[in-house]
Structures are given as structure tokens and as C-alpha cells.
Amino acid sequence: YIAALSQFIIVDISNPTIPDLIYQKEFQANVRGVAVLDSFALIACEQLGIYIYDVRFNPRPKIISWCDTKGNARDVLVNDSFAYVADGTAGLVVINIRDKLSPQIVDGLDLPGYARKIDIQDNLLYVALGDSGLGVVDITNPKEPKIEAIVKTGYVYSVFALDEYIYVANRNGLTIIAKEGK
């Protein structure tokens, strides 16, 4: 599942030497992120919001629902029955996707900067906030996300959390941050 400029692409890589293009859809906005949950793919499609695909219908996956967000949906991740959206200047958006046919925004969180990319580990969500650095958000209660910290690391493009470290891609290259208590 690939977010590629203005396209959402599905490629079968069961034989990595001969990848097979399964599906390709062009959108009127940039497709920035993809999250997969079971047989559903959620795509972050900038000003168009989030689209939910049922990908069981190969070779023709179909859009089953859509949820607009206030900002520019730049990235999406799924945890349990909630989708978390890095929504540009609108910060973080939390969408209940228990009913895939009727996604509902349950909360949002104003964040400084421009929410670009996100990663989740345990009950913490890490947000690349452009020139505002790295945001750390507690999502223990998805309906009430809370800012835990804003870490100044220079302009942040992307973030990845693994075990006791947070890897931050920024204008300086790569910054590795040890999580508190580690």
C-alpha cells in the first residue's frame, strides 16, 4: 500500500523480483499516508481528508467511506478502533472507525507547528511538527488526547518510535532521543 504524490497504489510483492501492480487511483490532492487495518486501508489525502477503502475486492478495491478534516491530512495511523491523523495546521485529529462505513471525528488537539507525520508506541503518539519540533501526545483515552511534551529538535520531517528510542528526521539529519526513564 503506497501513498505516491496524487496516487494511492496497491502492489502485490509476494514475488519481490516481479512486483505486480494491483490497483492505482489518482486523487485531486496529494496522498500522503496509508494505514492498514485488517482488510481496510485508510489514506490521508491532504485537503480531501481521510478515505477508507475495503481492499478485499481485488483487483478493484472500493472506497466505502470518507471523513473530511479541518486541515490537510498528512499522515494516518490506526490503533484499535481509532484513526489518528496528522492534520497540518489543524494539529491532531482522532476519528472513531469502529463503523468503517461511518467514521466520526471524536476529538482534535491543537498543536504548535505543522503536523506532518506520526507514529504510535504504547499509549504515546509522536508527531513531527515541522519547525515546532516533536510533539508527544498521551492517547490513553483516545477521546481526550493530551500533550505530554513538545521537544525542540529543529525542523522535524518525520518520526519513528521503537523500544526505548524516538528517531527524528530533521534538517540536521537524524536525532535519536532516549525515552524518559530508559
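Looking only at the range 49-76, count every residue that is in a strand (DSSP E or B) and either surrounded by 17 or more Cβ atoms within 10 Å (Cβ to Cβ) or touching a Leu at 6+ places or on another chain (Cβ under 7 Å) (or both) and tell me the total.
Residues in the range 49-76 being in a strand (DSSP E or B) and either surrounded by 17 or more Cβ atoms within 10 Å (Cβ to Cβ) or touching a Leu at 6+ places or on another chain (Cβ under 7 Å) (or both): 10 in total.
Give the range 91-101 a look and list any residue that's over 18 Å from Asn72 (Cα atoms) and open to solvent by less than 50 Å² (accessible area, probe 1.4 Å), or say none.
Of everything in the range 91-101, those that are over 18 Å from Asn72 (Cα atoms) and open to solvent by less than 50 Å² (accessible area, probe 1.4 Å) turn out to be Asn96, Ile97, Lys100.
Each row is one residue, and each column tells you yes or no for (1) over 10 Å from the mean Cα position of the chain (by Cα); (2) of a type in the set (Phe, Trp, Tyr); (3) at pLDDT below 95.
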{"site": "Pro61", "(1), (2), (3)": "yes, no, yes"}
{"site": "Ile97", "(1), (2), (3)": "yes, no, no"}
{"site": "Ser102", "(1), (2), (3)": "yes, no, no"}
{"site": "Lys117", "(1), (2), (3)": "no, no, no"}
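Could you pull out the residue among Asp163, Asp138 that is at pLDDT below 95 and among the charged types (D, E, K, R)?
Asp163
Test of understanding: among Ile176, Ile166, Ile118, Ile105, which residue is surrounded by 14 or more Cβ atoms within 10 Å (Cβ to Cβ), free of Cβ contacts under 8 Å to residues at least 40 places away in the same chain and outside any loop (DSSP other than H, G, I, E, B)? Walk me through it before giving the result.
On the way: Ile176 fails: surrounded by 14 or more Cβ atoms within 10 Å (Cβ to Cβ); Ile166 fails: free of Cβ contacts under 8 Å to residues at least 40 places away in the same chain; Ile118 fails: free of Cβ contacts under 8 Å to residues at least 40 places away in the same chain.
Residue meeting the stated conditions: Ile105.
From the set of residues in the range 18-41 that are assigned to a strand (DSSP E or B) and acidic (Asp, Glu), which is nearest to Ala3 (Cα to Cα)?
Taking the candidates together, the pick is Glu26.
Kindly indicate the residue of the range 71-95 that is modelled with pLDDT of 95 or more and more than 13 Å from the chain's Cα centre (by Cα) and also nearest to Ile22 (Cα to Cα) among those meeting that condition.
Gly71
Quickly run through the range 131-148 and pick out the residues that are assigned to a strand (DSSP E or B) and either open to solvent by 90 Å² or more (accessible area, probe 1.4 Å) or more than 20 Å from Val93 (Cβ to Cβ) (or both).
Taking the range 131-148 as the starting set, the residues that turn out to be assigned to a strand (DSSP E or B) are 134-138, 146-148.
Within the range 131-148, Lys146, Glu148 qualify.
Within the group Ala86, Ala149, which residue is within 30 Å of Ile64 (Cβ to Cβ) and among the hydrophobic types (A, V, I, L, M, F, W, C)?
Details: Ala149 fails: within 30 Å of Ile64 (Cβ to Cβ).
Exactly one of Ala86, Ala149 is within 30 Å of Ile64 (Cβ to Cβ) and among the hydrophobic types (A, V, I, L, M, F, W, C), namely Ala86.
What's the total number of residues in the range 79-90 that are more than 15 Å from Lys117 (Cβ to Cβ) and part of a strand (DSSP E or B)?
Number satisfying all stated conditions: 2.
From the list Val11, Val31, pick out the single residue that is closer than 17 Å to Ile118 by Cα and out of contact with any His (no Cβ under 8 Å at 6 or more places or on another chain). Step through it out loud before you land on a result.
Numbers: Val11 fails: closer than 17 Å to Ile118 by Cα.
Matching residue, one of Val11, Val31: Val31.
So which of Leu37, Leu21 is open to solvent by 10 Å² or more (accessible area, probe 1.4 Å) and in contact (Cβ under 8 Å) with a residue 24 or more places away in the chain?
Residue meeting the stated conditions: Leu37.
The values are calculated or read from the model by the stated rules, or taken from the named source; none is laboratory data. In this text the structure is predicted, and so the values were computed from the model without any measurement. Here Cβ is always computed from backbone atoms with ideal geometry, including for glycine, and neighbour counts include all displayed protein chains. When the accessible area is computed, the model is the full protein with side chains, heavy atoms only, and any ligands, DNA or RNA have been set aside. Shrake-Rupley method; radii C 1.70, N 1.55, O 1.52, S 1.80 Å.
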